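The next block holds one structure in the form of C-alpha cells; read it before the comments.
The values are calculated or read from the model by the stated rules, or taken from the named source; none is laboratory data. Quick caveat, the model's predicted, so the values are computed rather than measured. Note that each Cβ is placed from the backbone with ideal geometry, even for glycine, and that neighbours are counted across all protein chains shown.
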Amino acid sequence: MKKNSFVIICACFLVFALLRYPQAMLAAGAKSVTLWFNQVLPSLFPFMVACSLLLRMGAAEMVGEWLRPLMKPLFGLPGIAAFPFFLGIFSGYPMGAKITASLYEEKKISISQAEHILSFCNNPGPLFLVGTVGAAFFHAPFWGYLFLLCCFLGALATGILFRFLYPQRADTNFSSYQKTTPPPITECLPKTIADSIDTITQIGGYIIIFGVAVEAFKQTGIFDLLGHMLSFLPFSNEYLCGLCGGVLEMTNGTFLLSTAPDDLFIRLTASCMLVAFGGLSILCQTFGILRNVPIKKSRYVAAKLSNSLFSGIFFFAFVPFLEKYAQKTVPTLAVMAETAFSFPSLYVNCSLLFFVFALCFALFQRR
C-alpha cells in the first residue's frame with residue numbers, strides 16, 4: 001500500500017506540473033522524443049536486431065566455449081556470460097540486460113547466474129561516453145575514453161566481488177552444450193524485429209517520461225530547494241543540482257555538472273560515478289526489460305552502486321597519471337571527434353573488429 005501511495009503521489013505531481021507549466025513540459029517531451037528518434041532508435045535498434053540474431057544462431061554458446069577459461073576463474077560463471085558482458089560494453093545501456101534476459105528465457109543460464117551477470121554486464125557505451133559526455137559536454141574526448149576504461153574496470157571489480165553472493169553449482173556450469181541447427185532466417189528475423197521493436201519502444205517511453213519528470217523538478221524549484229538544503233557542502237548550487245538531476249537521468253545530470261563552476265576534477269569524478277550508476281531512468285528501463293526474469297531488484301541496485309563506487313575510485317587513481325594526455329585532445333563540440341591521444345580509440349576499434357570476425361568465423365565453422 002505504501003508503494004502504491006508513493007506512485008500515486010508521483011503521478012499527481014506530474015499531472016500538476018503538466019497543467020501548471022504546459023509549455024515547458026511540452027518542450028521537454030518534444031526534446032525527449034527527438035533524442036529517442038534521432039539518436040537512440042537508429043543506433044540501438046539495429047544493434048538489438050543483430051544481437052538477437054546472433055543469439056538465435058548459437059553465437060553465445062560458441063563464445064562460451066572459447067571464454068570459459070577466462071570467465072570461470074574471474075567470476076565463477078560459464079563462458080556464455082562473456083556474450084552479454086562484451087556486447088553490453090560495446091553497445092551500452094540496456095543491451096547487457098536485454099541479452100541476459102534472452103539467455104535466461106531460453107534456459108541457457110540459471111536465475112542465480114542471470115543475477116550475477118546483471119551485476120556487471122549493463123554499462124554505458126563508448127558512443128555515449130566519448131561522443132556525448134567527453135566531446136560534447138567536457139570538450140575533450142579523452143575524458144570519455146577514461147570514463148569508458150574506469151566503467152569497464154569498475155564492472156570487472158563488481159563482478160568479481162559479487163561472485164561470493166552467487167555460489168555456482170556443478171550442474172549449472174554449462175561445461176558443454178548441444179549443437180542444434182539454427183532456424184532459417186525467414187523464421188527468426190521477423191521474431192527478432194518484433195521483439196526489438198517492443199524493447200526499443202519501451203525504452204523510448206522511459207526516456208520521454210523521465211525527461212518530462214526532470215523538467216517538472218526544474219520548473220517547480222525542487223532542484224533549487226535540494227541545492228539550498230545541501231548548501232553546507234563545499235560545492236556550488238549548480239553542482240548539487242547536477243548531482244540531483246543525474247540521480248534521475250544521467251544525461252541531464254552530467255550536462256549540468258559539465259557547466260558547474262566547481263573544480264574540473266570534482267565534476268569529472270561525479271560524472272564518472274553517475275554514468276556508471278545510470279540513474280533511475282536506466283534502472284526503470286532495465287527492470288522493464290527484465291520483467292520476465294525474477295531477479296532480486298535490491299541486489300541489482302546494490303551492484304550498480306558498487307559499480308559506481310569502483311568506477312569513481314579508478315578514475316580518482318588514474319587521473320594523476322593520465323591527466324597530461326587530456327591536454328593533447330582537440331576541444332570540440334562535435335558528437336564524435338578525433339584526438340591526438342588515439343590509442344584508446346584504436347584499442348576499442350581493434351577489439352570490436354576482432355570480436356565480430358571471431359563470431360563470424362565460429363558461425364561458419366559451426367555450419
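Is there a residue in the range 42-50 that is of a type in the set (Gly, Ala, Ser), over 21 Å from the mean Cα position of the chain (by Cα) and surrounded by fewer than 23 Cβ atoms within 10 Å (Cβ to Cβ)? Please lay out each step first, then the result.
Quick first cut of the range 42-50, residues of a type in the set (Gly, Ala, Ser) only: 43, 50.
From the residues that got through so far, the ones that are over 21 Å from the mean Cα position of the chain (by Cα) too are none.
Within the range 42-50, none of the residues are of a type in the set (Gly, Ala, Ser), over 21 Å from the mean Cα position of the chain (by Cα) and surrounded by fewer than 23 Cβ atoms within 10 Å (Cβ to Cβ).
Restricting to the range 92-102, name every residue that is part of a helix (DSSP H, G or I) and surrounded by 24 or more Cβ atoms within 10 Å (Cβ to Cβ). Please lay out each step first, then the result.
From the range 92-102, those part of a helix (DSSP H, G or I) are 95-102; that's our starting set.
Hits for the range 92-102 are MET95, GLY96, ALA97, LYS98, ILE99, THR100.
Residue by residue, here is whether (1) more than 22 Å from HIS116 (Cβ to Cβ); (2) in a loop (DSSP other than H, G, I, E, B); (3) without any contact (Cβ under 8 Å) to a residue 60 or more places away in the chain; (4) not charged (D, E, K, R) holds:
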{"residue": "LEU240", "(1), (2), (3), (4)": "yes, no, yes, yes"}
{"residue": "GLY245", "(1), (2), (3), (4)": "yes, no, yes, yes"}
{"residue": "THR251", "(1), (2), (3), (4)": "yes, no, no, yes"}
{"residue": "THR254", "(1), (2), (3), (4)": "yes, no, no, yes"}
{"residue": "SER258", "(1), (2), (3), (4)": "yes, no, no, yes"}
{"residue": "PHE265", "(1), (2), (3), (4)": "yes, no, yes, yes"}
{"residue": "PHE287", "(1), (2), (3), (4)": "no, no, yes, yes"}
{"residue": "SER298", "(1), (2), (3), (4)": "no, no, yes, yes"}
{"residue": "ASN307", "(1), (2), (3), (4)": "no, no, no, yes"}
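When the range 190-243 is examined, which residues are found to be closer than 17 Å to LEU283 by Cβ and of a type in the set (Lys, Arg)?
None; the set is empty.
Given the criterion of a type in the set (Gly, Ala, Ser), under 30 Å from ASP198 (Cβ atoms) and either in contact with a helix residue (DSSP H, G or I) (Cβ under 6 Å, 6 or more places away or on another chain) or modelled with pLDDT of 80 or more (or both), identify the matching residue among ALA303, ALA270.
Working: ALA270 fails: under 30 Å from ASP198 (Cβ atoms).
Going through ALA303, ALA270 in turn, just one is of a type in the set (Gly, Ala, Ser), under 30 Å from ASP198 (Cβ atoms) and either in contact with a helix residue (DSSP H, G or I) (Cβ under 6 Å, 6 or more places away or on another chain) or modelled with pLDDT of 80 or more (or both): ALA303.
Whether any residue in the range 142-154 is hydroxyl-bearing (Ser, Thr, Tyr), in a helix (DSSP H, G or I) and either modelled with pLDDT under 75 or touching a Lys or Arg at 6+ places or on another chain (Cβ under 6 Å) (or both) is what I want to check. If you could, list the steps in order and put the result at the bottom.
Kept after step one, since they are hydroxyl-bearing (Ser, Thr, Tyr), are these residues of the range 142-154: 145.
Restricting the remaining residues to those that are in a helix (DSSP H, G or I) gives 145.
Then drop every residue that is not either modelled with pLDDT under 75 or touching a Lys or Arg at 6+ places or on another chain (Cβ under 6 Å) (or both), which leaves none.
No, the range 142-154 contains no residue that is hydroxyl-bearing (Ser, Thr, Tyr), in a helix (DSSP H, G or I) and either modelled with pLDDT under 75 or touching a Lys or Arg at 6+ places or on another chain (Cβ under 6 Å) (or both).
Given the conditions (1) part of a helix (DSSP H, G or I); (2) closer than 30 Å to ALA114 by Cα, report the number of the one that LEU77 does not fulfil.
(1)
Modelled with pLDDT under 85 and in a helix (DSSP H, G or I): is that true of PRO69 in this structure?
Numbers: modelled with pLDDT under 85: yes; in a helix (DSSP H, G or I): yes.
So PRO69 passes the test.
So which residues in the range 105-137 are of a type outside the set (D, E, K, R), surrounded by fewer than 21 Cβ atoms within 10 Å (Cβ to Cβ) and not in a helix (DSSP H, G or I)?
Correct list: SER110 only.
Of everything in the range 309-327, what is in contact (Cβ under 8 Å) with a residue 40 or more places away in the chain, among the small types (Gly, Ala, Ser) and either closer than 19 Å to GLY253 by Cα or exposed (fewer than 15 other Cβ atoms within 10 Å of the Cβ) (or both)? Give them in sequence order.
Correct list: SER311, GLY312.
Out of the residues in the range 15-30 that are of a type outside the set (A, V, I, L, M, F, W, C) and surrounded by 14 or more Cβ atoms within 10 Å (Cβ to Cβ), state the one that is nearest to VAL214 (Cα to Cα).
Of the range 15-30, the ones of a type outside the set (A, V, I, L, M, F, W, C) are 20-23, 29.
Now restrict to residues that are surrounded by 14 or more Cβ atoms within 10 Å (Cβ to Cβ): 21, 29.
Working: TYR21: 13, GLY29: 10 Å.
By that ranking, first place goes to GLY29.
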